[in-house]
Amino acid sequence: MTDTDTQPRHRELGLTDHEYALILDGLGRTPTDVELAMLSLMWSEHCAYKHSKKLLRRLPTEGAHVLVGPGENAGAVDAGDGLAVAFKVESHNHPSAVEPFQGAATGVGGILRDIFAVGARPIAVLDSLRFGEPASSQRSRYLLEHAVAGIGHYGNSIGVPTVGGEIYFEQSYEQNCLVNAMAVGLAPHDRLTSAAAAGPGNLVLLFGARTGRDGIGGASVLASAELSGGTGGDGGDHAKRPTVQIGDPFAEKKLMECSLELLDRELLASLQDLGAAGLTSAASEMASKGGVGLDIDVSRVPLREADMEPFEIMVSESQERMLCVVEPRLLDQVTAVCERWEVQAAVIGEVTASRHFRILRGSELVGEIPVELLVDDCPLYDLAPERPTTTLYGGGDQRVATDADPATQLKALLASANIASRLPVYEQYDPVVQSRTVRRPGEADAAVLALPVLSASSGAGGEPIPGIAVAIDGNGRRVAVDPRAGAAEVVYECAANLACVGAEPLGLTNCLNFGNPEKPHVAWQLVEAVEGLAQACRDLDVPVVGGNVSLYNESPEGPILPTPVIGMVGRLPDVRHAGRLGFANPGDRIALVGDFNPRRDGSEIAKLHGSAPAGALPGKDVVALRSAHQRVREGVRTRAFTSAHDIAEGGLLVALAECCIAGGVGAIVTLPDGLDPFGEDLGTAFIVSGPTEALAGLRVIGAVGGRELNVEGLLKLPVSELSAIHGDGLAALVS
């Protein structure tokens, strides 16, 4: 007999003895099976944030442009002209490690529902992905191939463009990949919708797909515990595959259009998507936000499998479902809209004044839980952080000699998995559907999307066409070196990417991907990273409007690199002036903007040398950083700069090579004395090009022209060779 066979049911469901005692006290009795299942999910790490909620309170959430902050399905900021931009990033890490195609696909589906649940039409998807080393791992190549296919399948099918993203490869993600999906949507201010249930006597209506057994236990079995590191080159952890949801993007398309029409016609009192913990989470959170109770009759829930038990119906995570509250007088109109979109709808309950969540099967009461106990009373834990005394992550194989000449090292970097062109990935996504995309992947440091124009003459007669820019960034390697400084760098770099296209940040969302917070060294990483994020947000006056925490990203080999991911949205006054990264005009001068103090600790060249992520990161002069961002943003907006590109992974030489490759033109450059060409200082400095007069007061280091990247005293390489190396690098590693 195994330990699992003998342990109490609450432990099997992930509840501690202490938590179970709190439940007994809160109920005043032993919970029924359905109550225990519901409480175990709502008290899981994934739903309750019990190890991170106290920390998240340190993040600044207020700002001049904030319309909806944390607490709703997605945050929203004011984009001007009465338009709101709703956006959020979430993780689907463990499901993607178990079944990468469906895990990634349903991650996209879930984040899109978060966007239209607040009344916004989704207009873009971005993704942030992490896998093990592709050159040495068949499993990592398998996960990459199928996760990318899942993202492309869902986004392409539903008609939402994938406009940007990032991918990194590190050994620590071998058993626990990361799949973070971000979605962006647009809505008039007055269509922004709350999930709060209201009005005792109003009806609770479930619409969308039928409920099945797929995804049962996903929030607790997958997202709130470490992976076992199961065997198999095709994903491992096979026994957990039934907990992974199955997605249908065509069903979601109908669901989205149906939801938006219902909101346009003002037929709903509230709207909530069904994600983790299914009906349990959606209904209880609606009740909690509205200060009401709910009665749900599981016998009225449309099912795919007729013999489902009440607890299965309540915790199923079947996809493409929404829950809404409807006034009885509007029910016929609501069901008529659902019928027109061929979306099944069923009244499954009603709002009450009881502040209790009652679950019925016909006339039989099978569960009754106070809403506060279910949603608010999960204990929040204080972390016990301890700074590790040794490096947590080892170095890898040496891929280029430390004494190799600069040309050899540059070529090795351009071909490396973390810097090579992402074309083999993003060519699988449709970046231009909906016809809003102004800068697609590879053209600029951030995606640029045009907003609806209020004047018919906008753009045609010189009138500006307003737009937004979106970027997503993370760098677990540098956060592992110094969690506080590294996490702050992620915010700075994301803002730098927006500056390169001429956009000013409006707000950000985050996804905090860490290991087991009950371990002191992981707790230290998490605490330090959140402090770094909070400080960087204050430094740049960029509020946090929402996000996600994904913990227990750990396998028997250890935790992942600490990986906070930042998604940021900014506004451009005119998308016709949006910046590009590539050099364009022979004769333009090239300048270095910003207080650039590169180091090799935690850098990509250090990785290729076989070094572990350790050491120290450069300090930041925040005043100089803000000034550099503003200088670049204004230079792009006024068309003074022909190109702008931030200096990021790989350092200055890689940035110069990327500018040459993107523009198909060479450059002659003289580096400042003593500047490490491969050191990194993320978020602080830029390479810009433009006419001589436009660069007045800047540190000019060269000129655009020719067919080679000629860095005096270091290297001279044809742009065609650099382009081939960069373009073929990732394809060669994953083939």
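The values are calculated or read from the model by the stated rules, or taken from the named source; none is laboratory data. Fair warning: this is a prediction, and the values are worked out from it, not measured in the lab. Cβ placement follows ideal geometry from the backbone for every residue including glycine, while neighbour counts extend to all protein chains displayed.
Structure values in brief
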| read-out | value |
| --- | --- |
| Asp588 being of a type in the set (Asp, Glu) and buried (at least 24 other Cβ atoms within 10 Å of the Cβ) | yes |
| Candidate set: the stretch 715-735, residues that are surrounded by fewer than 17 Cβ atoms within 10 Å (Cβ to Cβ) and not in a helix (DSSP H, G or I); chosen: the one farthest from the chain's Cα centre (by Cα) | Lys716 |
| The lone exception for Gly474 - which of (1) more than 19 Å from Ile560 (Cβ to Cβ); (2) buried (at least 24 other Cβ atoms within 10 Å of the Cβ) it fails | (1) |
| Residue check, Gly546 more than 30 Å from Thr692 (Cα to Cα) and in contact with a strand residue (DSSP E or B) (Cβ under 7 Å, 6 or more places away or on another chain) | yes |
| Residues of the stretch 64-79 satisfying the condition of being among the small types (Gly, Ala, Ser) and modelled with pLDDT of 95 or more | Ala64, Gly69, Ala74, Gly75, Ala76, Ala79 |
| Residue identified as farther than 24 Å from Tyr552 by Cβ, surrounded by fewer than 24 Cβ atoms within 10 Å (Cβ to Cβ) and either in contact with a helix residue (DSSP H, G or I) (Cβ under 8 Å, 6 or more places away or on another chain) or without any contact (Cβ under 8 Å) to a residue 12 or more places away in the chain (or both) among Leu205, Leu192 | Leu205 |
| From the options Val351, Val366, residue that is surrounded by 17 or more Cβ atoms within 10 Å (Cβ to Cβ), farther than 22 Å from Lys289 by Cα and in contact with a helix residue (DSSP H, G or I) (Cβ under 8 Å, 6 or more places away or on another chain) | Val366 |
| Residue list for the stretch 608-639, filter: closer than 25 Å to Pro562 by Cα and crowded, with 24+ Cβ neighbours inside 10 Å | Leu608, Pro613 |
| Per-region count, the stretch 12-49, residues touching a Ser or Thr at 6+ places or on another chain (Cβ under 8 Å) and of a type outside the set (Gly, Ala, Ser) | 10 |
| Any hit, the stretch 400-412, residues being at pLDDT 95 or above, crowded, with 20+ Cβ neighbours inside 10 Å and either under 30 Å from Ser157 (Cβ atoms) or charged (D, E, K, R) (or both) | yes |
| Strands (runs of 3 or more DSSP E) fully within the stretch 422-529 counting 3 or more residues that are touching a residue at least 40 places away in the same chain (Cβ under 8 Å) and out of contact with any helix residue (DSSP H, G or I) (no Cβ under 9 Å at 6 or more places or on another chain) | 504-513 |
| Residue count for the stretch 530-563, restricted to those that are assigned to a loop (DSSP other than H, G, I, E, B) and in contact with a Pro (Cβ under 6 Å, 6 or more places away or on another chain) | 4 |
| Answer residue from the stretch 399-421, given it is closer than 25 Å to Glu166 by Cβ and in a loop (DSSP other than H, G, I, E, B) and is farthest from the chain's Cα centre (by Cα) among those | Val400 |
| Test result for Ser140, assigned to a helix (DSSP H, G or I), among the polar types (S, T, N, Q), over 19 Å from the mean Cα position of the chain (by Cα) and within 23 Å of Ala612 (Cα to Cα) | yes |
| Residue within the stretch 640-662 that is modelled with pLDDT of 95 or more, surrounded by fewer than 20 Cβ atoms within 10 Å (Cβ to Cβ), among the β-branched types (Val, Ile, Thr) and farther than 22 Å from Ser416 by Cα present | no |
| Any hit, the stretch 119-131, residues being surrounded by fewer than 24 Cβ atoms within 10 Å (Cβ to Cβ), modelled with pLDDT of 95 or more and either of a type in the set (D, E, K, R) or at positive phi (or both) | yes |
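Residue-by-condition table, conditions (1) among the polar types (S, T, N, Q); (2) under 27 Å from Val623 (Cβ atoms); (3) at pLDDT 95 or above:
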site	(1), (2), (3)
Ala667	no, no, yes
Thr670	yes, no, yes
Gly679	no, yes, yes
Gly683	no, yes, yes
Gly697	no, yes, no
Val700	no, yes, yes
